1. Take each complete run of DSSP H in the chain, measure how far its Cα atoms stretch along the helix's own axis, and keep only those covering 20 Å or more with mean Kyte-Doolittle hydropathy at least 0.5; list them.
2. Note down the magnitude of the dipole of the chain about its Cα centre, charges +1 on Lys and Arg C-beta and -1 on Asp and Glu C-beta and zero elsewhere, to the nearest 20 debye.
3. What is the P(r) of the stretch 129-282, as percent of Cα-Cα pairs per 5 Å bin from 0?
4. In debye, nearest 20, what is the charge dipole magnitude of the stretch 27-131 about its Cα centre with +1 on Lys and Arg Cβ and -1 on Asp and Glu Cβ, if you could check?
5. Given a cut-off of under 8 Å on Cα pairs at least six residues apart, what relative contact order in percent is computed for the chain?
6. Hey, what number do you get for the chain at 222 nm if only DSSP H runs of n ≥ 4 count, each worth -39500 (n - 2.57), divided across all residues, to the nearest 500?
7. Could you order the peptides 216-228, 184-196 from most to least packed, using the average number of other C-beta atoms within 10 Å per residue?
8. Take the alpha carbon atoms of the chain, find their radius of gyration, then divide it by 2.2 N^0.38 Å using N residues; give the quotient.
Amino acid sequence: MKRWFSGFLGGVIFLVPMVCAQAAPSIQVAGMEGRIQSHTTVLPAVFGNREQGIDLEIAGAAALSGSLRADMFQVSGTLAMPLIKDGLLLETLALTGATSQQVRVMIKFPDVKKQAEILVRFSLFSNAPGAKAAPLGELRFAVFPASVTKELTDLLQPKPDARMIVFGPGQPLRHFLSGLKIAFEDGGTDTPDRFDSNRLYFGDLATHEQYQQAEDRSAGARIVLFAPDESLPPGVYSERSNVGVHVQVTSPLLDNIAVDPRAQLALIKITHFLSALPSSAN
């Protein structure tokens with residue numbers, strides 16, 4: 001099993017892999033507060049300068065107790081710049097020595113000006129005299145500027161030539177907009193009979209049948225439809241014509257829209273694409 005040896009040189013830590021003869025404890029993210037968990041291979045995304053509740057699953061640790069602490073580094077390749085040393089997460093944590101054990105912690109990530117990779121290294125500090133800290137493992141997170149939410153809020157503010165209309169049975173987008181105090185027109189749970197080219201339509205739909213009905217009526221509209229589609233991989237599909245803009249979102253982008261910076265960045269890009277005037281109007 002690999003572990004990481006930290007070498008210090010000129011204020012920068014070099015992370016060098018080491019091979020250990022004895023299996024070490026491991027730690028992973030079991031869940032994140034306020035989010036519907038999704039299976040993904042990318043780093044968990046969080047906002048800087050905000051606390052995030054995280055469920056940790058600790059495996060392979062001996063039965064011991066003490067305070068749970070963390071070192072935090074900003075990582076670039078094999079270089080790691082120290083940010084926080086022995087930050088306290090829990091005053092007391094009792095590990096039972098079971099195969100795995102879950103614990104909830106609150107971590108405040110550093111404020112960043114642009115996306116950064118942050119490594120968090122967890123250790124248990126025993127209260128016994130002379131005892132050494134027991135390493136539990138480490139995790140990496142993609143940390144995004146808190147300004148992403150403000151950028152999205154400013155972008156979605158009502159405009160005379162592009163009022164926002166939300167329709168469909170889904171509620172996540174409505175709740176998100178209401179939480180940010182963004183005014184929008186509620187088009188109801190059904191698909192509008194007609195679409196106005198001077199409006200921006202956001203359809204939060206539950207089935208592919210609802211998507212098909214909205215698509216059939218949306219010629220010439222500027223519209224984004226959030227709906228499942230088993231015929232397509234999860235993603236964002238866009239099409240622009242001389243008379244309208246159509247965006248289909250098959251990924252569960254709205255599930256974590258209030259807390260996931262990647263989802264908010266995706267909505268920023270979608271809204272920019274939707275807001276742009278058709279080429280014939282340029």
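Read-outs: derived from the displayed coordinates by stated rules, not from any lab. The structure presented is a predicted model; accordingly, all values stated were derived computationally and were not measured. Neighbour counts run over all protein chains shown; Cβ positions are idealised from the backbone, glycine included.
1. On the way: long enough: 261-275 (21 Å, 0.57).
TM-like helix candidates: 261-275.
2. 1040
3. 2, 8, 18, 21, 19, 12, 6, 3, 2, 2, 2, 2, 1, 1, 0, 0
4. Details: 9 positive and 9 negative charges, 46 e Å.
Dipole size: approximately 220 debye.
5. Working: 615 pairs, mean separation 41.6, N = 282.
Averaging sequence separation for qualifying contacts and normalising by length gives 15 percent for the chain.
6. Numbers: 4 runs with 43 residues, N = 282.
Result for the chain, helices only: -4500 deg cm²/dmol.
7. On the way: 216-228: 19.8, 184-196: 14.2.
Descending mean neighbour count gives 216-228, 184-196.
8. Details: Rg = 23.4 Å, N = 282, 2.2 N^0.38 = 18.8 Å.
Normalised by 2.2 N^0.38 Å, the Cα Rg of the chain equals 1.25.
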